[in-house]
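Please read the structure below before turning to the comments.
Derivation of every value follows stated rules applied to the coordinates shown; laboratory data play no part. As the structure is a computational prediction, the values presented were derived from the model and not from experiment. Glycine also receives a Cβ, built like all others from the backbone with ideal geometry; neighbour counts cover every protein chain displayed.
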Amino acid sequence: RLQVMRGPKKKGVRYFGPYAHAWAIRETLDLLLRVFPARTCSAGVFRRAAQVGRPCLLGYIDKCSAPCVGRVTPEQHRAIVDDFCDFMAGGATRYVKRLEKSMAVAAQTEQYERAARLRDDIGALKRAMEKQTVVLADGTDADVVAIAEDQLEAAVQVFHVRGGRVRGQRGYVVDKVEPLTTGELVGQFLAQAYGDEAGGGWGDDLEIDRRMTPGAGVTLRPGKLGQSDDVPREVLVPAMPPNAEVLQSWLCELRGTNVTLRVPQRGDKRALLGTVERNAKQAFALHKTKRAGDLTARSLALAELQDALDLREAPLRIECFDVSHVQGTNVVASMVVFEDGLARKSEYRRFAVRGDDGADDTASMREVVRRRFARHLEDSASPMTPHTDPETGRPRRFAYPPQLVVVDGGAPQVAAAQAALDELGVDDVALVGLAKRLEEVWLPGQDDPVILPRTSEGLYLLQRVRDEAHRFAIAYHRQKRSASMTSSALDGIAGLGETRRKALLRHFGSLQRLEAATVEQVQEVRGIGRRTAEAVLAALGSGAAEAPGPAFDPVTGEVVA
């Protein structure tokens, strides 16, 4: 039975797709039923037609071979379905050529009605094929795999290309049971995707979670990924797995012929892999957004953090700090706020770190934490300063302390932040650090980190808070760095706006030539007076380079030769 399906996949059913739009698969299926008249009715309709001995409407218009009334035998109907499977799996061109030969033979033997039917079938198949754009010019069969990942999860997208055309797409979200490189993740996924037991135990460290909603697809006869007709000639991946030779041999054994496992470097296949990678990133972002908005998951995350960190109450307000710089230049820091597990972007703050502290990452962290809580203590100590702005009714910048402070880093960053809190006498705020490499949670004064389960909602929340602080800090750092790269010695000179700065640079060509000029030469620029010219040269440190003017006697006012 051919059927358009939605929802989760069932065992014992072979799928093609998913398709982006339900109308696309319905239209394609309607065209293909002219050539492959397999049954599409439910079991109840099939039994009722068999009882009355009369087929349904599709049987009368030749879009069903009517096995219900014995118009074809079960073996003949199976052959029709097998041809449909072969066409959908990439044998379209081969099948069309076969029909064209049959049409030519029918015409030569003067079977004109049969030739006309075959002509119509070929036209229907070509129209169905035209709906799928050619993505690989060599017409090869390939599965293209791309991955978007973080330390805890990954989104895997697979495009199934048959005959050079994308025939289907699958999306998965996988939980990493242990740290995996991209290559290791590829190996784990391929082992589980093409076969369970045949994978030799490769899939033990990866849990595939089909939480991504599939689109509409066509369900066919029983089958599963990993059969010989499901393994293509090529498998294109973003990184080679460590056991690539063993995995490739296993795929060849499944297919029965050679299978190439490789990373495309250029051309159409590299471009297609880039498209699949973009799909994976979008799917991963969508998954994270859905998970972050789940009220049950957020409540569970806060409860897990309270239990794991031994907090008196659930951390309803979490603040995270991160420092960003390039070799000690343009040092900035960020503070992001999450309340009830959701980002409060109106509460975000950013800091510019100046002085000697900027050269040291831990010193920068200490300064930022100290500034944040010093401001809080200052506002709390003043009875004249309300927690909310009387005009807007919104909380003041540092009005409320968090229940939990998270710093991006390990033991050194945690120690620096704790030193700032101790200096201010703040002892009612919990502090942790999240180290990025292994996602370890560090507590002040502890020699060993707290290891949360990798599937923990609490760890996922900490990771999301840390990544948001990292993103916000990098954005501010790039802004500062861009401003420093475009600034010049002319900035900040009184009376010299952007228009006259550009006029000076156009006239002299460079700051070096402007610095070597005299006051009179600078005055030649339109809009520049003597006072402004002197200010420009003084700012450039070349005030002494101007041509000496005539000297005057201060008493008589006469010119001294």
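Some values worked out for this structure:
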{"read-out": "Where trypsin sites (Lys or Arg not before Pro) fall in DSSP loop in region 284-319, at most 16 other Cβ within 10 Å", "value": "ARG312"}
{"read-out": "Sparsely packed GluC sites (Glu not before Pro) within region 292-372, loop by DSSP, other Cβ within 10 Å at most 16", "value": "GLU313"}
{"read-out": "Nearest-0.05 FRET efficiency for LYS436 and ASP82, computed from C-beta distance (R0 60 Å)", "value": "0.70"}
{"read-out": "Qualifying trypsin sites (Lys or Arg not before Pro) for region 425-476 [loop in DSSP, other Cβ within 10 Å: at most 13]", "value": "ARG437"}
{"read-out": "Mean Cβ count within 10 Å, highest first, over the residues of peptides 3-16, 420-433", "value": "420-433, 3-16"}
{"read-out": "Length released on extending from TYR348 to ASP120, taking residue separation times 0.36 nm less the Cα-Cα span", "value": "75.6 nm"}
{"read-out": "Difference of contour (0.36 nm per residue) and Cα-Cα distance, ILE61 to GLU75", "value": "2.9 nm"}
{"read-out": "LYS502-GLU27 pseudo-label distance in nm [points 7 Å out on the Cα-to-Cβ vector]", "value": "5.0"}
{"read-out": "Pairwise FRET efficiency - GLN51 versus ALA297, Cβ, R0 = 35 Å, nearest 0.05", "value": "0.10"}
{"read-out": "Inter-probe distance in nm under a simple model that places probes 7 Å from Cα toward Cβ, at GLU520 and VAL105", "value": "10.3"}
{"read-out": "Most to least packed among 54-61, 183-190 [average Cβ atoms within 10 Å]", "value": "183-190, 54-61"}
{"read-out": "14 Å beta-carbon shell around GLN446, net charge (K/R +1, D/E -1)", "value": "-4"}
{"read-out": "FRET E, pair GLU313, ASP138, Förster distance 60 Å, beta-carbon r, rounded to 0.05", "value": "0.45"}
